[in-house]
Each structure stands twice: as C-alpha cells, then as structure tokens.
1. Taking interchain pairs and intrachain pairs at least six residues apart, which have beta carbon atoms under 7 angstrom, with the first residue in the stretch 103-115 and among the β-branched types (Val, Ile, Thr) and the second in a helix (DSSP H, G or I)?
2. Which condition breaks for Leu62 when tested against (1) surrounded by 18 or more Cβ atoms within 10 Å (Cβ to Cβ); (2) within 18 Å of Lys109 (Cβ to Cβ); (3) of a type outside the set (Gly, Ala, Ser)?
3. Residue check, Tyr50 against (1) modelled with pLDDT of 95 or more; (2) under 14 Å from the mean Cα position of the chain (by Cα); (3) not in a loop (DSSP other than H, G, I, E, B), all met but one. Which one?
4. Do the conditions hold for Ala84, that is, is it within 12 Å of the chain's Cα centre (by Cα), assigned to a helix (DSSP H, G or I), small (Gly, Ala, Ser) and crowded, with 18+ Cβ neighbours inside 10 Å?
5. I'd like the full set of residues that are touching a residue at least 12 places away in the same chain (Cβ under 8 Å), assigned to a helix (DSSP H, G or I), out of contact with any Asp or Glu (no Cβ under 6 Å at 6 or more places or on another chain) and not small (Gly, Ala, Ser), limited to the stretch 1-27.
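The values are calculated or read from the model by the stated rules, or taken from the named source; none is laboratory data. Everything numeric in this text was worked out from a predicted model, so none of it was measured. Every residue, glycine as well, gets a Cβ built from its backbone with ideal geometry; the counts of neighbours run over all protein chains shown.
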Amino acid sequence: MYVFDTSSIIAFLNGEKGAETVRRLVNDVESGSAEGVISPVVVTEVYCFYLQNNGKEVADELLRQLRVSKLRIIPAGEEVAVKAGAYKAMKMPIADAYMAATAKILHAKLVADDRHFVDLDIDLFKFR
C-alpha cells in the first residue's frame, strides 16, 4: 500500500522530476496490483495549489480526476491524529505529520521527497 504525499501528486500532475516514478505507482493502483491512499490534507493542498496557480476551473478538474481515480481518500481517525500530534511535536509541518501518521498506522509506504521524513519510523519511498 502507498500513501501519496502532496509533493508526489503535484510532481505527477505537473510532469516534474520524479513524475515517471509516481506514474508507475499510480498505474499499479489503477490496475489493482497495489493500493493507494491520500489524506484529505493532500486534497486540500493540491486543490489550493492549483486554485492559486491555475484557477478554479483547473483545480476543480483535478479534484474530479482524483475522485474518479482508484486512489482512496481516507479520513484521519483518532489513532492517526494522535500519531500526527507526536510527529508535529518533532517540529514537522502539520500536513506532513498527518501524511506520515497515515502511512505509519496503515503500515504503508509514504511516497514523498521531503527530508524531514527520513528520520521517522516509517517506510519511506523517495520518488526523486
């Protein structure tokens, strides 16, 4: 199972460095050979990014694409929230704390490229 960080989704959508690696993982999810999830925080950050940079029409279309993909948007329960609080206490941004906590609780690989994930007790898949 993969938990996709915001940076991986934006890299994938923009064709940035690492996009091909993320594309392969997303294709695995779409084909059913792997599971993929995103946090509601990723939806928030991706929507905000495209709304600010490309306008509402583009942001809405990308949101529609996320909804019809096989990436599951999973809510954070209490266990994830508590673990995110522990990561946040380590001076991690709250959005990243939630993504790391989601990966930890689900025993999944976090697809990301942020350096502050490296020292955590999670399975990190650096996509670039």
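1. Ile105/Glu79; Ile105/Val80; Ile105/Lys83; Val111/Ser8; Val111/Val22; Val111/Leu25
2. (2)
3. Only one criterion is unmet by Tyr50, namely (2).
4. No, not satisfied.
5. If the condition is that a residue be touching a residue at least 12 places away in the same chain (Cβ under 8 Å), assigned to a helix (DSSP H, G or I), out of contact with any Asp or Glu (no Cβ under 6 Å at 6 or more places or on another chain) and not small (Gly, Ala, Ser), then Ile9, Ile10, Phe12, Leu13, Thr21, Val22, Leu25, Val26 are the ones that fit.
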